[in-house]
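Below is one structure, written out as structure tokens; comments come after it.
The values are calculated or read from the model by the stated rules, or taken from the named source; none is laboratory data. Only a predicted model underlies this, so the values are computations on that prediction, with no experimental measurement involved. Reconstructed Cβ throughout: ideal geometry from the backbone, glycine too, with neighbour counts over all protein chains shown. Accessible surface is based on the protein model in full, side chains and every heavy atom, while ligands, DNA and RNA are left aside. Shrake-Rupley method; radii C 1.70, N 1.55, O 1.52, S 1.80 Å.
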Amino acid sequence: MSRPILRRCVSCRELLDREQLWRVIRQATGGLVLDRGMGRSAYLCRGRECLEEARRRKRLQRALRIQVPDTVYASLEQRLDDQHVADVEAR
């Protein structure tokens, strides 16, 4: 059995398996992508509280050393909403 790869949430600072976190990547070209790619990464818990705190305190910006556009936060909020809908439908 392999050991989990641990990463720290930039918002709450909790150490979790990276499979439980969202990954935001700053590419060498200067763009930001979610989940896949090469470049400087920041990890964020999959919870509304951590997302709001990261946005309010500019935690992603600081970790990635680049301006984080509102579209990235909107994409992450959409994932939260989609996850909530899936959880409700599963019940």
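Conditions tested, residue by residue: (1) more than 19 Å from Arg7 (Cβ to Cβ); (2) of a type in the set (Asp, Glu).
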position	(1), (2)
Gly39	no, no
Cys45	no, no
Arg57	no, no
Arg62	no, no
Asp70	yes, yes
Ala74	yes, no
Arg79	no, no
Asp82	yes, yes
Glu89	yes, yes
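Within region 21-45, residues that are over 12 Å from Ile66 (Cα atoms) and among the hydrophobic types (A, V, I, L, M, F, W, C) reach partners that are open to solvent by 40 Å² or more (accessible area, probe 1.4 Å) and in a strand (DSSP E or B) with beta carbons closer than 6 Å, at six or more positions or on different chains, in the pairs Leu21/Arg7.
The set of residues in region 10-39 being touching a Phe, Trp or Tyr at 6+ places or on another chain (Cβ under 6 Å) and either open to solvent by less than 50 Å² (accessible area, probe 1.4 Å) or of a type in the set (A, V, I, L, M) (or both) consists of Leu21 alone.
Is region 4-21 home to any residue that is in a loop (DSSP other than H, G, I, E, B) and out of contact with any strand residue (DSSP E or B) (no Cβ under 8 Å at 6 or more places or on another chain)? Within region 4-21 (the criterion being in a loop (DSSP other than H, G, I, E, B) and out of contact with any strand residue (DSSP E or B) (no Cβ under 8 Å at 6 or more places or on another chain)), the answer is yes, since at least one residue qualifies. Note on region 48-77: among residues that are small (Gly, Ala, Ser) and touching a Leu at 6+ places or on another chain (Cβ under 8 Å), the one that is surrounded by the fewest Cβ atoms within 10 Å (Cβ to Cβ) is Ser75. Could you check region 27-47 and list, in sequence order, the residues that are farther than 15 Å from Ser75 by Cβ and in a strand (DSSP E or B)? Of everything in region 27-47, those that are farther than 15 Å from Ser75 by Cβ and in a strand (DSSP E or B) turn out to be Arg40, Ser41, Tyr43, Cys45.
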